[in-house]
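Worksheet: the structure to be examined is printed underneath.
The numbers here are math on the coordinates, done by the rules we state, and not lab data. Worth saying up front: this structure is predicted, and the values here are computed from it rather than measured. Neighbour counts are summed over all protein chains in view; Cβ atoms, including those assigned to glycine, are modelled from backbone coordinates with ideal geometry.
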Amino acid sequence: MTSIEKRLRKRAEWALEELRGIRRDETQDIFSRRHLIGPDDLLVENYLRKHPLSAFNPGVSLLGDEVLVFPRLIFDYYSYTSSIGVFSLPLEGLISGDLEPPFETRIILWPQYGWEAVKGCEDPRVFPTDDGFWILYTAVGKVQENGRERKKFILAFAELDRDLCVRRKGFFSIAGPEGTLIPGNKDSTILAVEGKRAWILTRPSFSGEVPPWLEFILSPLGIELPKAHLPDMCWRAEADMDELVIKEESLRPVLVPERWEYKVGWSTNAVPLHEGRYLVGWHGVHREDLSYRNGLAEVDREGNLLAISDYLLAPKGLLEEYGDRPLTVFGNGLLLVRDRLVWIGGVSDYAIGIFIAELSDVLRMLRKL
């Protein structure tokens, strides 16, 4: 274990002791308008296979009177390798639910390097720039670590132009006084940018010897987890976007799993509310049924937590609860459209859900900290 990881683990251990108790195990599902887009609704134009087996966990970006949707696409379940595509929806149709498939879709990110060539490109979060888009996504592949090649999920970055062509790809490391660390990392979004400096929300993983799938099995059986294990939690940080480096001294946990949860993570891009304030989604995996349930947080420019909700969005009914990963609503897109908040997320790892609530209802659910 490196010195960087030891220091970060101490911060995580402190957070588990000090930051619990700010949320309740309650779900008030205020997203009343719900629409679904299935994989058969997409028509892929630049790949031999025209319909994915699943399309879910989409990033989004508002561009005039249209919404760009960036879904995670899977064509082969036996390897579950992901790519990221894009299609557009009319804004008014998105709000009303009056949408007419098929939606012409183009694959824009796919496995091209060793660090994303095992399971591909997952779960994009989109940040518009003056001349294109920055996308944070999860890459699953192999990286060199201490002279050894290891399979990891890592925080990846793609810079796209206005035509959605890739200019640059890479992945983030954490830089400390002794060198760098490439942790398992995902569930990240950009808050604000100033030159090459960015403030981000991120989720480095220090789960020790227990992979998440094994934790799901062991904990309900009452089997004690190794002391090396730390649950995943939400962090804030500062990053250099030229070097793709997260500054270790800036990494701080801000939201931790409560005792009824296995883990928490950030779920969406950040939506500006007013000067220096942002709304962002988060998710928790509940111990009772392994469901992914979602809430909202208000943070400042540096990612400090200002207000928090309990669960406000959870899967319900056959179409949302049943899929390759049941009982899941997961990120990745959040839009503020006039007085409505639109959450566009993955549904049980097979479809895309559009969930709409009144912004005033959402803000009433946030408790100041």
ask   = In percent, what relative contact order does the chain have, based on Cα pairs under 8 Å that are 6 or more apart in sequence?
value = 17 percent
note = Whole-Å distance linking the alpha carbon centroid of region 57-119 with that of region 308-344 is 17 Å
request  = Indicate the gyration tensor shape class of region 57-157 (rounded, prolate or oblate), computed on the Cα atoms with a ≥ b ≥ c the square roots of the eigenvalues: a/c under 1.5 is rounded; otherwise a/b larger than b/c is prolate and the rest oblate.
outcome  = prolate
Net charge of Cβ neighbours under 11 Å - reference F87; Lys, Arg +1; Asp, Glu -1 = -3
request  = Match the structure shown to one of the listed values (1) 20.6; (2) 22.1; (3) 21.2 of Kirkwood radius over Cα pairs in Å, computed from it, and give that label.
outcome  = (1)
task = Report the FRET efficiency, 1/(1 + (r/R0)^6), for C165 and K247, where r is their Cβ-Cβ distance and R0 is 35 Å, rounded to 0.05.
result = 0.70
task = Could you sort 80-87, 313-320 so that the peptide with the highest average Cβ count within 10 Å comes first and the rest follow in order?
result = 80-87, 313-320
Listed residue pairs exceeding 24 Å between alpha carbons, taken from K6/K169; K151/K196; K10/K169; K119/K263; K263/K368 = K6/K169; K151/K196; K10/K169
request  = Give me Y322, Y292 ranked fewest to most by other Cβ atoms within 10 Å of their Cβ, as a rough exposure proxy.
outcome  = Y322, Y292
query = Considering the dipole of region 3-368 built from charges on the beta carbon (Lys and Arg +1, Asp and Glu -1) around the Cα centre, which of I74, P39, A239 is farthest to its positive end?
reply = A239
inquiry  = Let me check I've understood the local charge: for D240, count other residues with C-beta under 9 angstrom from its C-beta, Lys and Arg +1, Asp and Glu -1. What total comes out?
reply    = 0
task = In whole Hz, with x marking every Gly and Pro, tabulate ³J(HN,Hα) for region 17-30 from phi via Karplus 6.51 cos²θ - 1.76 cosθ + 1.60, θ = phi - 60°.
result = 7, 9, 9, 6, x, 9, 10, 10, 7, 9, 10, 10, 6, 9
ask   = Of the peptides 4-13, 137-146, 158-167, how do they stack up when ordered by the mean number of other Cβ atoms within 10 Å, highest first?
value = 137-146, 4-13, 158-167
ask   = Going toward the positive end of the dipole of the chain, with +1 on Lys and Arg Cβ and -1 on Asp and Glu Cβ, which of I352, L19, I154 do you reach last?
value = L19
Estimated dipole of region 3-368 in Debye, rounded to 20 [Cβ of Lys and Arg +1, of Asp and Glu -1, Cα centre] = 880 debye
ask   = Taking the chain as a Gaussian network, where each spring joins two C-alpha atoms under 10 Å apart, which residue of P253, P177, P128 fluctuates the most?
value = P177
note = DSSP beta bridges in the chain: the antiparallel percent, rounded to 5, is 90 percent
